[in-house]
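Working notes, structure below.
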Amino acid sequence: QVQLVESGGGLVQAGGSLRLSCAASGGTFSSYCMGWFRQRPGKEREFVAAISRSGGRTIYADSVKGRFTISRDNAKNTVYLQMNSLKPEDTAVYYCAADSGITTSSVRAYDYWGQGTQVTVSS
């Protein structure tokens with residue numbers, strides 16, 4: 001069983017930056033692909049970014065490509081999401097998730113989820 005705890009959310013002005021972290025425990029972190037998802041008010045949970053076990057492959061949603069960067073540190077059991085040039089439409093609860101399969105954007109593929117961290121971008 002893997003436990004995931006997100007941190008780093010908060011309130012930021014449009015154009016600003018935030019760095020989210022997700023600390024994992026209870027499993028072999030390097031054996032999981034990791035993903036970030038978000039859920040905006042009244043919307044379904046949506047894919048943001050994912051990274052392979054080694055960190056050598058990353059995928060992004062079109063809406064964040066060029067602005068967000070996912071990375072991981074397997075020695076620290078942590079995955080990060082660097083968010084730059086934030087927009088009000090990025091306001092959401094952000095979740096990290098662990099997937100024992102392939103690097104994917106599919107919500108259904110992920111086995112473990114954190115509780116989420118709120119990101120609010122003011123205009």
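Key figures for this structure:
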{"read-out": "Unique match (being open to solvent by 30 Å² or more (accessible area, probe 1.4 Å), under 30 Å from Q13 (Cα atoms) and not polar (S, T, N, Q)) among G114, G66", "value": "G66"}
{"read-out": "Spans of strands (runs of 3 or more DSSP E) in region 1-113 with at least 2 residues touching a Phe, Trp or Tyr at 6+ places or on another chain (Cβ under 7 Å) and either free of Cβ contacts under 8 Å to residues at least 40 places away in the same chain or within 28 Å of S123 (Cβ to Cβ) (or both)", "value": "18-25, 33-39, 46-51, 68-73, 78-83, 92-99"}
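The values are calculated or read from the model by the stated rules, or taken from the named source; none is laboratory data. Nothing here was measured: the structure is a model prediction, and the numbers come from that model. In this analysis, Cβ positions are derived from the backbone assuming ideal geometry, glycine residues included, and neighbour counts consider all displayed protein chains. For the accessible areas, the whole protein counts, side chains as well, though only heavy atoms, and no ligand, DNA or RNA atoms are used. Shrake-Rupley method; radii C 1.70, N 1.55, O 1.52, S 1.80 Å.
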